[in-house]
Amino acid sequence: MSAVEHIGTMALPEGGRVDFSRLRRERRQRLFEAMAGAGVDALVLGRPANVAFASGARQLWTAGTRPFGPACVLVASTGRVHLLSTWDEGVPAEIPHRDLIGLSWNPVVVLARLESIDGLDRASRVATDGWGPSSSDLLSALCPDAAVVDGSRLLHQARAVKSPDELTCLMTAAAVAEAALSAMSQALQPGVTERQLVGVCAQAVSSLGLTCPPTEGVAWISTDGARPRRVATDRAMAAGDLVALNPGAIFAGYEVTVGRTRVVGADATGTGAHRFDSLSALEVRAALDAVIAECRPGATGAQLMEAWERYGRSPLVEPLAWGLGLGVEPPVVGPGATGRAAHIRAGAVLAVQAWSYRDGSGGILEQDVIVVDPEGPTRLTRARPGLLVG
Amino acid sequence: MADSPTVSGRMIPPRPDLARMHAERAGRLKEELERAGLDALLLLGTSNVSYATGARSPGSDASRALIARPVALLTREDGPAHLFTPYPDGAPDGFPPDHLHDALYPELADEAHRLAGLLAEHLGAGARIGCDELTHALRAELAEWEVVPAQAALGAAKLCKTVDELACIRRAQSINEAAMADVAPHLRPGVRQCDLTARFLRRIHELGASANAIDPIWQPMPANLGAGPWTTHGGVAFPTAGSDRFLREGDVVWVDSGIVFEGYASDFGRTWLVGERPRPTSRQQAQFERWRDVMQVTLDRVEPGVTALELCRAATDANGGTRPWIEHFYLAHGVGTDSAEMPLIGTDLGDAFDEQMVLAPGMVLVMEPVIWDDGAAGYRAEDIYAVTDDGWAPLSDYPFDPYR
């Protein structure tokens with residue numbers, strides 16, 4: 001792991017903390033190498049994270065999914081990255097104006113503009129990162145002789161292993177996520193609602209110079225309810241309630257989330273119930289640490305699941321581990337059979353989550369982000385593990 | 001405009017009746033399923049699943065929403081929609097438990113196979129399935145069925161809103177506006193875009209938003225187009241992504257934001273000026289007055305039976321023959337479970353498209369004329385109107401300060 005510890009978001013006179021032009025150059029190189037490895041002549045991308053990875057463009061953030069449509073096209077024979085963008089604001093200099101394609105509502109116009117991409121019509125193998133019921137028509141018009149294949153494996157190949165610059169971005173996101181956790185913890189008191197905590201999280205992240213957080217499913221009263229509740233309500237917390245906090249932040253596209261559980265406004269030495277909570281929190285933490293310890297190069301999703309089943313007390317209702325980088329990425333491990341066969345790679349970054357619920361005691365969430373270093377896992381998140389009384 | 005505007009004979013209620021809204025939407029989808037000759041709808045898009053099921057999910061970055069996505073399956077034969085969701089707490093009250101299922105991850109081959117197995121329980125080989133989005137894994141698994149775009153059925157169901165849907169949009173807009181009223185006093189020299197975003201996001205959640213929909217836009221506009229950003233069409237670049245950019249004395253800031261309430265989007269647009277007690281110059285004030293004239297002339301034409309093309313012509317005439325909107329956008333767009341949906345009015349789909357778009361009760365128009373005045377930036381604002389039985393009713397209500 002990179003030794004960079006000088007985390008911040010401002011430019012420094014001697015040079016930035018992240019060399020973004022190097023970061024973009026390395027990403028692009030990895031992507032073209034992965035295309036070559038897969039024998040792919042052209043890559044058609046629609047997902048914002050993949051578009052960001054390929055182009056380095058700073059895109060307007062919107063919530064939720066959009067139907068698949070071309071937003072960025074890479075052509076192996078020319079080495080060019082074509083971006084659908086009506087303007088050059090937020091577009092890095094290595095993508096010249098001639099490679100920007102204006103957006104249109106009219107599919108006929110879109111097709112004509114995409115047809116002008118040099119080398120696309122000669123591609124014999126084209127990969128995309130999404131699909132829709134009209135995608136066949138579009139792609140057969142654009143590259144009539146091409147076989148169209150799933151690009152997700154080659155994208156994973158390019159994206160999974162993080163460069164030192166990417167790790168610095170992730171560490172910055174981790175610092176901001178922890179700042180949000182701290183702000184949410186400080187806001188805990190009887191009468192505060194789940195919705196208010198979502199607002200505190202977003203405010204903390206944006207006040208530190210970042211834009212929208214990666215998710216709003218960040219706070220729920222976990223005193224009762226066997227599952228995490230990620231849709232915030234107006235429910236107000238009372239003294240002694242458990243509250244699960246799971247804020248996150250996105251810096252330059254890179255996402256980190258962190259999860260901890262707090263007790264609202266109670267006396268730390270309080271009742272038996274609280275002592276019981278503290279004990280169960282220790283057990284949950286031990287289970288999470290056991291899973292994290294398994295996150296070594298070459299490990300499988302099944303091994304992570306076995307560690308959870310050995311130490312964990314609750315069946316999984318959400319994933320146990322998932323990849324992070326430009327947002328959430330493969331692998332996803334758990335629940336059920338999901339991701340058992342996935343392999344953990346050296347240099348990958350994973351979110352690892354423990355959620356355990358016991359009747360009469362409540363639900364405990366602990367979630368950390370780790371880098372899979374060659375010698376084993378290193379935690380990127382530093383929030384103090386375990387239950388704290390807020 | 002009548003004193004008590006109605007849509008299909010019904011008044012827009014002060015609060016939406018969510019159960020009635022969900023039931024009416026489900027009824028419409030079934031009708032459209034029949035009309036389109038589909039056996040089922042398989043929906044993966046965040047807003048479409050919300051429309052078909054009433055399911056809420058936390059506002060999420062696309063990367064997360066693509067992997068941990070709610071999925072809806074509606075068949076012609078089998079009652080209400082099935083919902084597969086990572087967020088079961090977001091299922092609406094009274095959702096039938098036997099139609100609520102664990103999350104599926106249709107990105108993954110094994111999970112797509114599981115979904116195909118579930119489909120096979122409901123659908124015979126060769127059935128026609130309307131889909132909004134697919135994944136490569138699903139594309140391979142759905143080979144034995146006929147997969148067609150769901151857009152025609154979805155679009156027809158969504159185009160004209162019920163009174164409860166209109167009440168949701170009005171509520172979303174009022175939360176958005178109340179948050180903006182709290183942000184506006186902080187627009188001072190030296191404030192950063194992200195500082196305004198911080199305050200805005202805090203407030204929308206306190207005020208009861210279900211989710212934020214878009215990174216709020218606080219974009220300082222150049223005085224003239226030559227100053228950039230460069231665009232493919234030579235016109236105005238908007239909306240561009242925000243950052244920690246400082247806003248400075250005299251900046252003309254185009255503000256645009258959207259939030260979600262019970263699945264329905266708001267759309268707020270105003271032009272603000274940065275300064276200590278900012279006041280528009282006479283040239284800026286004239287831009288606003290031109291904008292207001294365009295808006296009034298266009299609104300005067302809004303009623304059922306009028307075509308979108310007539311609105312475009314009225315607006316263009318009121319602007320001295322120049323189309324008063326952004327090259328890559330529109331004079332007006334609909335809003336509903338998506339922040340920009342049909343009717344789109346004045347796009348590059350062309351005059352023929354606008355001519356066949358006939359206004360009908362329940363359509364929603366987010367009117368967003370733009371007066372560009374090269375050399376002195378321009379004025380842009382958005383207001384929302386529902387087409388009623390005999391005219392229109394406003395769904396937005398926010399002042400134009402500091403313009404008068």
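The values are calculated or read from the model by the stated rules, or taken from the named source; none is laboratory data. Source: prediction; values computed, not measured. Here Cβ is always computed from backbone atoms with ideal geometry, including for glycine, and neighbour counts include all displayed protein chains. Ligands, DNA and RNA are stripped out before the accessible areas are found, and what is left, the full protein with its side chains, is counted by its heavy atoms. Shrake-Rupley method; radii C 1.70, N 1.55, O 1.52, S 1.80 Å.
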Practice problem: State the number of residues belonging to the stretch B:101-118 that are touching a residue at least 24 places away in the same chain (Cβ under 8 Å) and either surrounded by 20 or more Cβ atoms within 10 Å (Cβ to Cβ) or in a loop (DSSP other than H, G, I, E, B) (or both). | Solution: 9
Exercise. Among the residues of the stretch B:61-91, write down those that are under 24 Å from the mean Cα position of the chain (by Cα), away from every other protein chain (no Cβ under 14 Å) and in a strand (DSSP E or B).
Key: B:Leu73, B:Leu74
Quiz item: Can you find a residue in the stretch A:288-301 that is within 14 Å of chain B (Cβ to nearest Cβ), open to solvent by less than 20 Å² (accessible area, probe 1.4 Å) and over 24 Å from A:Thr215 (Cα atoms)?
Solution: yes
Quiz prompt | Among the candidates B:Leu29, B:Leu44, B:Leu18, residue that is out of contact with any helix residue (DSSP H, G or I) (no Cβ under 6 Å at 6 or more places or on another chain), more than 23 Å from B:Ser174 (Cα to Cα) and not assigned by TED's automatic domain parsing to the domain that holds B:Ile214 | solution = B:Leu44
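For the stretch A:85-96, which residues satisfy the criterion of being more than 18 Å from A:Arg25 (Cα to Cα) and either in contact with a helix residue (DSSP H, G or I) (Cβ under 8 Å, 6 or more places away or on another chain) or at the interface with chain B (Cβ under 7 Å from one of its Cβ atoms) (or both)? Write out each step before concluding.
Within the stretch A:85-96, the subset more than 18 Å from A:Arg25 (Cα to Cα) is A:85-89.
Matches in the stretch A:85-96: A:Thr86, A:Trp87, A:Asp88, A:Glu89.
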Practice problem: For the stretch B:345-379, enumerate the residues that are within 16 Å of B:Ile326 (Cα to Cα), hydrophobic (A, V, I, L, M, F, W, C) and free of Cβ contacts under 8 Å to residues at least 24 places away in the same chain. | Solution: B:Leu349
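Hey, any hits in the stretch B:256-268 for a residue that's among the β-branched types (Val, Ile, Thr), surrounded by fewer than 22 Cβ atoms within 10 Å (Cβ to Cβ) and within 28 Å of B:Ile169 (Cα to Cα)? Full working, then the answer.
Looking only at the stretch B:256-268, we keep the residues that are among the β-branched types (Val, Ile, Thr), and these are B:259-260.
With surrounded by fewer than 22 Cβ atoms within 10 Å (Cβ to Cβ) added as a condition, the list becomes none.
For the stretch B:256-268, residues among the β-branched types (Val, Ile, Thr), surrounded by fewer than 22 Cβ atoms within 10 Å (Cβ to Cβ) and within 28 Å of B:Ile169 (Cα to Cα): absent.
Check whether at least one residue in the stretch A:19-26 is hydrophobic (A, V, I, L, M, F, W, C) and not in a helix (DSSP H, G or I), and report yes or no. Give the derivation first.
As a first pass, look at the stretch A:19-26 and keep what is hydrophobic (A, V, I, L, M, F, W, C): A:20, A:23.
If we keep only those that are not in a helix (DSSP H, G or I) as well, we get none.
Within the stretch A:19-26 (the criterion being hydrophobic (A, V, I, L, M, F, W, C) and not in a helix (DSSP H, G or I)), the answer is no, since none of the residues qualifies.
Got at least one residue in the stretch A:176-183 being at the interface with another protein chain (Cβ under 9 Å from one of its Cβ atoms), open to solvent by 30 Å² or more (accessible area, probe 1.4 Å) and under 16 Å from the mean Cα position of the chain (by Cα)?
Step one: filter the stretch A:176-183 for residues at the interface with another protein chain (Cβ under 9 Å from one of its Cβ atoms), giving none.
Within the stretch A:176-183, none of the residues are at the interface with another protein chain (Cβ under 9 Å from one of its Cβ atoms), open to solvent by 30 Å² or more (accessible area, probe 1.4 Å) and under 16 Å from the mean Cα position of the chain (by Cα).
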Quiz item: Of these, B:Arg170, B:Arg139, which one is over 18 Å from B:Glu32 (Cα atoms), in a helix (DSSP H, G or I), modelled with pLDDT under 95 and of a type in the set (D, E, K, R)?
Solution: B:Arg139
Quiz item: Residue check, B:Arg28 against (1) more than 14 Å from chain A (Cβ to nearest Cβ); (2) modelled with pLDDT of 95 or more; (3) over 22 Å from the mean Cα position of the chain (by Cα), all met but one. Which one?
Solution: (3)
Self-check item: Boolean, A:Ala173 is in a helix (DSSP H, G or I) and either under 30 Å from the mean Cα position of the chain (by Cα) or farther than 27 Å from A:Ala76 by Cβ (or both)
Solution: yes
Quiz item: From the residues in the stretch B:1-54 that are open to solvent by 60 Å² or more (accessible area, probe 1.4 Å), of a type outside the set (A, V, I, L, M) and part of a helix (DSSP H, G or I), which one is nearest to B:Pro92 (Cα to Cα)?
Solution: B:Arg20
Quiz item: Wholly within the stretch A:196-297, which strands (runs of 3 or more DSSP E) include no fewer than the required count, namely at least 1 residues that are modelled with pLDDT of 95 or more and farther than 14 Å from A:Val176 by Cβ?
Solution: A:219-221, A:242-245, A:260-263
Quiz item: Of all residues in the stretch A:135-149, which are surrounded by 17 or more Cβ atoms within 10 Å (Cβ to Cβ) and within 14 Å of chain B (Cβ to nearest Cβ)?
Solution: A:Ser135, A:Leu138, A:Leu139, A:Val148
Quiz prompt | When residues of the stretch A:216-231 are limited to those that are open to solvent by less than 10 Å² (accessible area, probe 1.4 Å) and in contact with a Pro (Cβ under 9 Å, 6 or more places away or on another chain), the one nearest to A:Thr65 (Cα to Cα) | solution = A:Gly217
Quiz item: Restricting attention to the stretch A:199-209, which residues are at the interface with chain B (Cβ under 7 Å from one of its Cβ atoms) and in contact with an Asp or Glu (Cβ under 9 Å, 6 or more places away or on another chain)?
Solution: A:Gly199, A:Ala202, A:Ser206, A:Ser207, A:Gly209
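Give the residues of the stretch A:27-54 that are away from every other protein chain (no Cβ under 13 Å), of a type outside the set (A, V, I, L, M) and not in a loop (DSSP other than H, G, I, E, B), sorted by residue number.
Initially, the stretch A:27-54 is screened for residues away from every other protein chain (no Cβ under 13 Å), giving A:27-43, A:54.
Narrowing further to those that are of a type outside the set (A, V, I, L, M): A:27-30, A:32-33, A:37, A:39, A:41.
Scanning the stretch A:27-54 gives A:Arg27, A:Arg28, A:Gln29, A:Arg30, A:Phe32, A:Glu33, A:Gly37.
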Exercise. Would you tally the residues in the stretch B:193-207 being in contact (Cβ under 8 Å) with a residue 40 or more places away in the chain and facing chain A (nearest Cβ under 7 Å)?
Key: 2
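This table checks each residue for (1) under 19 Å from A:Tyr254 (Cβ atoms); (2) at the interface with chain B (Cβ under 8 Å from one of its Cβ atoms).
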site	(1), (2)
A:Arg58	yes, yes
A:Val109	no, yes
A:Arg122	no, no
A:Ala127	no, no
Quiz item: All but one of (1) in contact with a Lys or Arg (Cβ under 7 Å, 6 or more places away or on another chain); (2) over 27 Å from B:Ala125 (Cα atoms) hold for B:Ala68; which doesn't?
Solution: (1)
Quiz prompt | Those strands (runs of 3 or more DSSP E) lying entirely in the stretch B:318-374 with at least 3 residues surrounded by 24 or more Cβ atoms within 10 Å (Cβ to Cβ) and among the hydrophobic types (A, V, I, L, M, F, W, C) | solution = B:364-367
Practice problem: Starting from the stretch A:218-236, take each residue that is more than 8 Å from chain B (Cβ to nearest Cβ) and farther than 12 Å from A:Leu365 by Cα and list its partners that are crowded, with 17+ Cβ neighbours inside 10 Å and among the acidic types (Asp, Glu), counting only C-beta distances under 9 angstrom and pairs at least six apart or across chains. | Solution: A:Thr233/A:Glu194; A:Thr233/B:Asp89; A:Arg235/A:Glu194; A:Ala236/A:Glu194
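Go through the residues of the stretch A:350-365 one by one and say whether even a single one is more than 24 Å from the chain's Cα centre (by Cα), at pLDDT below 95 and part of a helix (DSSP H, G or I). Before you say what the answer is, go through the steps one by one.
Within the stretch A:350-365, the subset more than 24 Å from the chain's Cα centre (by Cα) is A:357-362.
If we keep only those that are at pLDDT below 95 too, we end up with A:357-362.
The next check asks that each one be part of a helix (DSSP H, G or I); those that pass are none.
Looking through the stretch A:350-365, none of the residues is more than 24 Å from the chain's Cα centre (by Cα), at pLDDT below 95 and part of a helix (DSSP H, G or I).
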Practice problem: Taking A:Leu279 as meeting all but one of (1) open to solvent by 10 Å² or more (accessible area, probe 1.4 Å); (2) away from every other protein chain (no Cβ under 14 Å); (3) touching a residue at least 24 places away in the same chain (Cβ under 8 Å), write down the number of the exception. | Solution: (3)
Practice problem: Output the residues belonging to the stretch A:65-84 that are of a type in the set (Gly, Ala, Ser), within 14 Å of chain B (Cβ to nearest Cβ) and surrounded by fewer than 23 Cβ atoms within 10 Å (Cβ to Cβ). | Solution: A:Gly69
